[in-house]
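Here is the structure we will look at, set down as structure tokens.
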Amino acid sequence: MNIERLDSSRILISLGDKELFEQFHTSFDGLEKNTVQDSDLLGKIICETKLITGVDLSDKKLTIEAARYNSGCIFLITFRSRSKRKKYYLKERSDTFSFCFSSFDQLHCCLIALDNERKSDLKSRLVHIDNMYYLIIPGIFRSGRLFGLIMEYSSSFSQGKYRAAAICERGTLIGGNNAVARLLSVFGYD
């Protein structure tokens with residue numbers, strides 16, 4: 001077994017097929033079939049690495065890559081510390097959604113579900129056009145839980161503040177800017 005520290009975050013280990021079989025009782029093909037839990041090969045390799053290089057990998061985040069090389073295999077271990085640094089994620093842009101309900105019963109069930117999820121204080125508008133109800137909610141995400149909850153009860157939806165403005169212009173506004181909370185109070189849900 002040859003263990004070489006490439007730089008401050010990578011270690012290269014090369015093993016011949018004979019060494020792999022004699023020391024670890026497996027073959028490269030056997031590595032592909034076994035899971036990490038089934039064989040202690042990686043654990044033994046990490047222990048050997050600590051003895052030879054002096055690098056303790058037990059508190060590090062590891063990425064281990066294995067590849068066939070000549071008459072054996074090589075392992076490339078890339079490691080970095082497990083820091084408590086803050087992780088940043090890309091946040092999707094929120095938008096205004098207009099949810100269409102074909103009956104008042106659908107809308108009523110949706111309002112009750114929103115109340116159960118403690119989402120009754122949403123900035124929202126309710127517009128009535130030709131026996132259809134449109135619940136307009138600005139500032140939500142299409143992939144969010146709230147969107148999915150409302151979609152369970154609505155017939156369809158449209159997206160965009162201009163589309164929402166067109167719906168408000170054509171229809172009759174019910175409940176002002178906080179329609180969900182006002183309607184729930186009318187139904188006796190406080």
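The values are calculated or read from the model by the stated rules, or taken from the named source; none is laboratory data. Only a predicted model underlies this, so the values are computations on that prediction, with no experimental measurement involved. Positions of Cβ are generated from backbone atoms using ideal geometry, with glycine treated the same way; all protein chains shown enter the neighbour counts. The area values use the complete protein model at the heavy-atom level, side chains included, leaving out ligands, DNA and RNA. Shrake-Rupley method; radii C 1.70, N 1.55, O 1.52, S 1.80 Å.
Taking every residue in region 153-177 that is among the aromatic types (Phe, Trp, Tyr) and surrounded by 13 or more Cβ atoms within 10 Å (Cβ to Cβ) and pairing it with any residue that is in a strand (DSSP E or B) and modelled with pLDDT of 85 or more, at least 6 positions away or on another chain, the pairs with Cβ-Cβ distances below 8 Å are Tyr153/Phe101; Phe157/Phe97; Phe157/Ser98; Phe157/Phe99; Phe157/Cys100.
Taking region 89-144 as the range and being buried (at least 16 other Cβ atoms within 10 Å of the Cβ) and in contact with an Asp or Glu (Cβ under 6 Å, 6 or more places away or on another chain) as the test, no residue passes.
When region 113-135 is filtered for residues that are of a type in the set (A, V, I, L, M, F, W, C), touching a helix residue (DSSP H, G or I) at 6+ places or on another chain (Cβ under 8 Å) and either farther than 24 Å from Glu169 by Cα or at pLDDT 85 or above (or both), the ones remaining, listed by number, are Ala113, Leu114, Leu126, Val127, Ile129, Leu135.
Yes or no: region 140-163 includes at least one residue that is on the phi > 0 side of the Ramachandran plot and of a type outside the set (Gly, Ala, Ser).
No, because not a single residue in region 140-163 is on the phi > 0 side of the Ramachandran plot and of a type outside the set (Gly, Ala, Ser).
When region 53-79 is limited to residues that are modelled with pLDDT under 80 and open to solvent by 80 Å² or more (accessible area, probe 1.4 Å), the one that is nearest to Lys18 (Cα to Cα) turns out to be Ser71. As a summary of the residue check, Gly148 satisfies the conditions (1) in contact (Cβ under 8 Å) with a residue 12 or more places away in the chain; (2) open to solvent by 30 Å² or more (accessible area, probe 1.4 Å); (3) within 34 Å of the chain's Cα centre (by Cα) except for the one numbered (1).
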